[in-house]
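The values are calculated or read from the model by the stated rules, or taken from the named source; none is laboratory data. As the structure is a prediction and not an experimental result, all values here were calculated from the model. Note that we place each Cβ from the backbone using ideal geometry, even for glycine, and neighbour counts take in every protein chain shown.
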Amino acid sequence: DLIKNRRPASFPPGPRMFPIVGNMLSVDHKKLHESMTKTVFIKVTYGDVYSLRMGQRFVVVVNGFDAVKEALITQGDSFAERPVLALQLDMFKGLGEFYIYSLLFTNGNTWREQRRFALFTLRNFGLGKKISKYFPSTCLFCAGKPFYPHLIINNAVSNIICSLVFGHRFEYDDEKFKGMIEMCEKGIQLQASIWTRLYNSFPHLMRRLPGPHKTLQNIWEDVKKFIREELQDHKQNWDPSDQRDYIDCYLNEIQMTKGQTDSTFDDANLVACVLDLFVAGTETTSTTLRWAFLYMAKYPEIQEKVQAEIDTVIGQSRQPSMEDRANLPYTDAVIHEIQRIGNIVPLNLPHSTTREVQLGGYTIPKGVTVVPNLTSVLFNKNDWETPHTFNPGHFLNEEGKFVKPAAFIPFSAGKRQCLGESLAKMELFLFFTSFMQRYTFSMPVGVKPVFDYHLGATRAPLHYELCAMSR
Ligand code: HEM
């Protein structure tokens, strides 16, 4: 069918495909989530389930709460895998021929074992308590003077996952660490760029060409080198009776499963999983907080209301804790609305069918890439009163109590639902309330907040300067 340039029988329909490129040119790659959320292509309207052909690969787009829920929950088992993409294969080739490591990209037994272990281990380290210990000190925000919040926030957030995984934090002036965080960020942006789409669509050609896809491979190689050094340090000081962090627990697991031929715990997988936690655990929360500052600067009256609630419930003399959340419905609603409108993982991570399935009246064969489009759910006019306007009221009932609409799924849903969700929620709550308790944020004089973004695997605000006034 590919050669005949047409869709298989009963396959979800979609816009006309061109030879070789398919629908590569039917979408705007800089706003891919918006392109995929619309269903009208060249005057033809498609339903909630339609298909695009990106080069040589078909992608099924699933839009709207009902269809996404049907795929990820009701038929969760059939949509639980990740597609095996050329770029991933090439990146991990050095670790074992055609064997993909990690949490984010594995399937089957490897994914199941690694996910279970990571969830269990992260939960065991008493997340909430650690966060306040790693909170950035006041002097980081040179009060009153405009500053770029980006790196400081990345660093503060990253230190949480570092303390859980590596057992220690990094200083704000540690050049090596700063370089690492910047590299991860660049990696995330490139990871979902048109270059990687081209690579996955035309691997034979792209492998021979220079370009950002090669930079990407070098970036992840450098980050892995950094993790391997941490691993070496851990091995040198390893004491099985004192498990300090994720790496220690992992080394223990390798020891315990030694000799089992089907064990998925080894050094290579350790490095890959730590890389996932480090990357997924830094960029996401930090991007959300950077949207938070922009919205607070744009809506000072909302910021004041949050501060008033925090002043009444917590006061100024103690740090916020997770127990405060239930008593801060307005603040909680604001955080949720930031996550909704911030839409930081707009196209979810790609899924893949594990068997032939029926969805929306169409047949999708096994092994087809599926995009359960989060943008289409978080901005659907049937689910949200003012989908494109910042409105904490989306999460408050008439009595001002916090409520969470079912369509709030920024962490996705089902078997692959974000592994770091509870950590991320704690981080967002504790960072946001602590910032609001201590500072008032605004743009520098004469500057308006700009909501333009850069789209990679995440949707991130462009660099901006901010003012933080101590309260
Ligand atoms: C997966 C969102 C924070 C680790 C995901 C997915 C989304 C997501 C949409 C894909 C789910 C799917 O495929 O259906 C977010 C958001 C975050 C956040 C919005 C913060 C605001 C974190 C943190 C960690 C983390 C802090 C680290 C502890 C992961 C991992 C996966 C994942 C390992 C892959 C799960 C799997 O494939 O089984 N996240 N995430 N995330 N996230 Fe997060």
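Consider only pairs whose beta carbons are under 9 Å apart and that are at least six residues apart or on different chains; among these, list those whose first residue lies in region 337-355 and is within 21 Å of Arg290 (Cβ to Cβ) and at pLDDT 95 or above and whose second residue is within 10 Å of the ligand (Cβ to nearest atom) and of a type in the set (Asp, Glu).
Ile344/Glu283
Every residue, every condition in (1) surrounded by 20 or more Cβ atoms within 10 Å (Cβ to Cβ); (2) charged (D, E, K, R), yes or no:
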| position | (1), (2) |
| --- | --- |
| Asp239 | no, yes |
| Tyr246 | yes, no |
| Lys258 | no, yes |
| Ala272 | yes, no |
| Leu277 | yes, no |
| Glu283 | yes, yes |
| Thr287 | yes, no |
| Leu294 | yes, no |
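Kindly provide the set of residues from region 29-53 that are modelled with pLDDT of 90 or more and assigned to a strand (DSSP E or B), ordered by number.
Matches in region 29-53: Val49, Tyr50, Ser51, Leu52, Arg53.
Out of everything in region 303-359 that is among the small types (Gly, Ala, Ser) and surrounded by fewer than 22 Cβ atoms within 10 Å (Cβ to Cβ), what residue ends up being nearest to the ligand (Cβ to nearest atom)? Let's see the steps before the verdict.
Taking region 303-359 as the starting set, the residues that turn out to be among the small types (Gly, Ala, Ser) are 308, 315, 317, 321, 326, 333, 342, 352.
Next cut, surrounded by fewer than 22 Cβ atoms within 10 Å (Cβ to Cβ) only: 308, 315, 317, 321, 326, 352.
Values: Ala308: 25, Gly315: 27, Ser317: 29, Ser321: 19, Ala326: 20, Ser352: 10 Å.
If we take residues in region 303-359 being among the small types (Gly, Ala, Ser) and surrounded by fewer than 22 Cβ atoms within 10 Å (Cβ to Cβ), then Ser352 is nearest to the ligand (Cβ to nearest atom).
Give me the residue from region 128-160 that is in a helix (DSSP H, G or I) and basic (Lys, Arg) and, out of that set, modelled with the highest pLDDT.
Lys133
Please note which helices (runs of 4 or more DSSP H) are completely contained in region 297-382 and include at least 2 residues that are among the hydroxyl-bearing types (Ser, Thr, Tyr) and over 28 Å from Ala86 (Cβ atoms).
Details: elements: 300-313, 329-342, 374-378.
So the answer is 329-342.
Residues in region 239-247: is at least one touching a Pro at 6+ places or on another chain (Cβ under 9 Å), assigned to a loop (DSSP other than H, G, I, E, B) and more than 16 Å from the ligand (Cβ to nearest atom)?
no
Search region 405-423 for residues being more than 20 Å from Phe105 (Cα to Cα) and in a loop (DSSP other than H, G, I, E, B), and hand back the single one that is nearest to the chain's Cα centre (by Cα).
Among residues in region 405-423 that are more than 20 Å from Phe105 (Cα to Cα) and in a loop (DSSP other than H, G, I, E, B), the one nearest to the chain's Cα centre (by Cα) is Ile409.
Out of (1) surrounded by 19 or more Cβ atoms within 10 Å (Cβ to Cβ); (2) within 16 Å of the ligand (Cβ to nearest atom); (3) of a type in the set (S, T, N, Q), what's the single condition that is false for Gln417?
That leaves (1) as the condition not met.
Please list, ordered by first then second residue, the pairs with beta carbon atoms under 7 Å, 6 or more apart or interchain, first in region 36-54 and farther than 23 Å from Val345 by Cβ, second assigned to a strand (DSSP E or B).
Close Cβ pairs satisfying both conditions: Arg53/Gly22.
So which residues in region 81-106 are modelled with pLDDT of 90 or more and surrounded by fewer than 20 Cβ atoms within 10 Å (Cβ to Cβ), if there are any at all?
Within region 81-106, the subset modelled with pLDDT of 90 or more is 81-82.
Once the filter is applied, which keeps residues that are modelled with pLDDT of 90 or more and surrounded by fewer than 20 Cβ atoms within 10 Å (Cβ to Cβ), region 81-106 yields only Arg82.
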